[in-house]
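Inspection log for the structure reproduced underneath, given as structure tokens.
The values are calculated or read from the model by the stated rules, or taken from the named source; none is laboratory data. Treat the numbers as computed from the prediction; the structure is a model and nothing was measured. Note that we place each Cβ from the backbone using ideal geometry, even for glycine, and neighbour counts take in every protein chain shown.
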Amino acid sequence: MSMTQTPRSTLKTTLKASTVAGLAAVMLATGIPAISQSFAEPVKIATPEAVPGFANVVDAVSPAVVSVRVSTRANPVSDDATNGFSFDFGGRGFDELPDDHPLKRFFREFGGPNGGGPNGGPNGPRAERGDKGKPGRLHPTSQGSGFFISEDGYLVTNNHVVSDGAAFTVVLNDGTELDAKLIGKDSRTDLAVLKVDAKRKFTYVSFADDSKVRVGDWVVAVGNPFGLGGTVTAGIVSARGRDIGSGPYDDYLQVDAAVNRGNSGGPTFNLAGEVVGINTAIFSPSGGNVGIAFAIPASVAKDVVADLMKDGSVSRGWLGVQIQPVSKDIADSLGLAEASGALVVEPQPGSPGEKAGIKKGDVVTAVDGEPIKGPRELARKIGAMKPGSTVDVSLWRGGKSISVDLKIGQLPDDPQQASAEPSEQQGENEPASEKALANLGISVSPAEDGQGVTISSVDPDSDASDRGVKEGEKIVSVNNQEVKSADDILRVISAAKKDGRSKALFQIQAENASRFVALPIDQG
């Protein structure tokens, strides 16, 4: 194309313009109204007031949310500063070695006599330790989130954030740093209370009635992820009553708001600015947010926090029995109409449960008339009761319902593991030869200690194998009747068949643990 040629794009534009102009002239000449040239309008949205958002909630609650910094002390240095090693530097002191000496470089990097590095010297723990017998210097170890619940400076966070701390600093949303002291902590619910003493009133928030929280409700999480400071994320309540295996009182809210490391102890709000949960854990194969976070519900936190503020500890009710869920098979073996309640594996000796007459094989079906769906519901209900109070416990025993009055005990700080007392009854000598229980897929022989029978083999294609029964474990009872031989087992099974039962309940013991397993029995 020559310099005088008109570019094709320009030409098309010119032609279009000429065509429009000519068309307009024709329309004017014929009396037809001309069409004015128009362009697309820019995108517009409704006014901000009409668009739902979280800004009002965030503005209101942010001053109540803080970052929590935790510091610990290194242990005092021991008599042997070299951890038991003796070093010979050729008659010279360590300081007299040349700076490029291999040993000096080694201790400078890894720590040692007057050495630096991550494990010693001015940059390591040795330098942070005080004189022998004196506490060392504080150094920061972790950080999390928290929120004020009173204008005089009480605030809530997670136990795992502060559990090993010696000093605590809270950072307000305006950057102000204040010292705090630990009032109390509870490892079972992962909650802790700190107190800031300052001549000022703090903005604080309140707990919501989480019984009204529904799956699908909007929530806003505010916290200190990765130490970045006040950060807001939003999402919905994904599920209620989650059990993540962290303890007997698991009853978490699951939310999909982005929660990451450093959010622990931070609040999750509803749109009214009330705390519906306290962020405590995330499910994350990658270590970062994948949209599954767990929060301690407000109903749990409210009572625990009140106890911590009052006494610095939590007082819980205690039943003192080892329990497990009631499966459909177990329900069938016991004649229960539905698979609900908590099956007692063993009452702990001297516990409130044993004193009230609760026995292994009983199923706790209700407490004070309120049905019990499973073990965790029983643990939460008993734990929330005041020690010393008396409750009515409904049990399923021997194919019928009974009730016992039970005085709630005080949960020990370190509860003893439930274990069965050895039976005083000793059966007559049984043949040592192994007898087959082919219909169950197992073979057994009398236990050497006279307690139960030892499982000597398990058919890998049997129901017993499918239910986790293993060689070497012991059967101590069947349908809550003690057994000491294969004949005892067959006798109990025969009685169950006459009662029309399709399954029998076996108590299996492995090392110090015990469980119940329901196995099908032949009706032929």
What are the residues in the range 438-465 that are more than 14 Å from ILE508 (Cβ to Cβ) and charged (D, E, K, R), if any?
-> GLU448, ASP449, ASP459, ASP461
Tell me, yes or no, whether the range 233-252 has at least one residue that is in contact with a Ser or Thr (Cβ under 6 Å, 6 or more places away or on another chain) and surrounded by 23 or more Cβ atoms within 10 Å (Cβ to Cβ).
-> no
Among the residues of the range 459-492, write down those that are on the phi < 0 side of the Ramachandran plot, out of contact with any Asp or Glu (no Cβ under 8 Å at 6 or more places or on another chain) and free of Cβ contacts under 8 Å to residues at least 40 places away in the same chain.
-> ASP459, PRO460, ASP461, SER462, ASP466, GLU471, GLU473, LYS474, ILE475, VAL483, ARG491, VAL492
Just give me the residues in the range 399-418 being in a loop (DSSP other than H, G, I, E, B), out of contact with any helix residue (DSSP H, G or I) (no Cβ under 7 Å at 6 or more places or on another chain) and either surrounded by fewer than 14 Cβ atoms within 10 Å (Cβ to Cβ) or at pLDDT 90 or above (or both), in sequence order.
-> GLY399, PRO412, ASP413, ASP414, PRO415, GLN416, GLN417
Going through the range 341-350 one residue at a time, which ones are part of a loop (DSSP other than H, G, I, E, B) and in contact (Cβ under 8 Å) with a residue 60 or more places away in the chain?
-> GLN348, PRO349
Verdict on ASN429 being on the phi < 0 side of the Ramachandran plot, in a helix (DSSP H, G or I) and either aromatic (Phe, Trp, Tyr) or modelled with pLDDT under 85 (or both) | no
Exclusive hit being on the phi > 0 side of the Ramachandran plot and touching a helix residue (DSSP H, G or I) at 6+ places or on another chain (Cβ under 7 Å), set GLY320, GLY291, GLY312 | GLY320
Residue hits (the range 432-442; modelled with pLDDT under 85 and touching a helix residue (DSSP H, G or I) at 6+ places or on another chain (Cβ under 9 Å)) are GLU434, LYS435, ALA436, LEU437, ASN439, LEU440, GLY441
So how many residues does the range 373-394 have that are of a type in the set (A, V, I, L, M) and free of Cβ contacts under 8 Å to residues at least 40 places away in the same chain?
-> 2
Condition met for VAL300 (among the β-branched types (Val, Ile, Thr), part of a helix (DSSP H, G or I), closer than 29 Å to LEU378 by Cβ and out of contact with any Lys or Arg (no Cβ under 9 Å at 6 or more places or on another chain)) | no
Which of the strands (runs of 3 or more DSSP E) contained wholly in the range 465-524 include at least 3 residues that are in contact with a Lys or Arg (Cβ under 8 Å, 6 or more places away or on another chain)?
-> 503-510, 513-520
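Residue by residue, here is whether (1) closer than 22 Å to SER299 by Cα; (2) over 24 Å from the mean Cα position of the chain (by Cα) holds:
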residue	(1), (2)
THR141	no, no
GLY146	yes, no
SER150	yes, yes
VAL161	yes, no
GLU177	no, yes
THR203	yes, yes
SER206	yes, no
ASP210	yes, no
TRP218	yes, no
Filter the range 180-207 for residues that are exposed (fewer than 13 other Cβ atoms within 10 Å of the Cβ) and part of a strand (DSSP E or B) and give the result.
-> LYS181
Scan the range 303-331 for residues that are part of a loop (DSSP other than H, G, I, E, B) and either of a type outside the set (S, T, N, Q) or farther than 28 Å from PRO387 by Cα (or both) and report the count.
-> 7
Does SER445 meet the test of being among the hydroxyl-bearing types (Ser, Thr, Tyr), in a loop (DSSP other than H, G, I, E, B) and either outside the structural domain of ALA513 (by TED's automatic domain parsing) or modelled with pLDDT of 50 or more (or both)?
-> no
Which pairs have Cβ atoms under 9 Å, sit 6 or more apart or on different chains, and link a residue in the range 228-243 that is touching a residue at least 60 places away in the same chain (Cβ under 8 Å) to one that is exposed (fewer than 14 other Cβ atoms within 10 Å of the Cβ)?
-> GLY229/GLY175
Within the range 338-378, track down each residue that is acidic (Asp, Glu) and either surrounded by fewer than 21 Cβ atoms within 10 Å (Cβ to Cβ) or touching an Asp or Glu at 6+ places or on another chain (Cβ under 7 Å) (or both).
-> GLU338, GLU354, ASP368, GLU370, GLU377
The lone exception for ASP174 - which of (1) closer than 29 Å to GLY53 by Cα; (2) surrounded by 13 or more Cβ atoms within 10 Å (Cβ to Cβ); (3) of a type in the set (Asp, Glu) it fails = (2)
Qualifying residues in the range 382-398 (those that are out of contact with any Ser or Thr (no Cβ under 8 Å at 6 or more places or on another chain) and in a strand (DSSP E or B)) - the one surrounded by the fewest Cβ atoms within 10 Å (Cβ to Cβ) | THR390
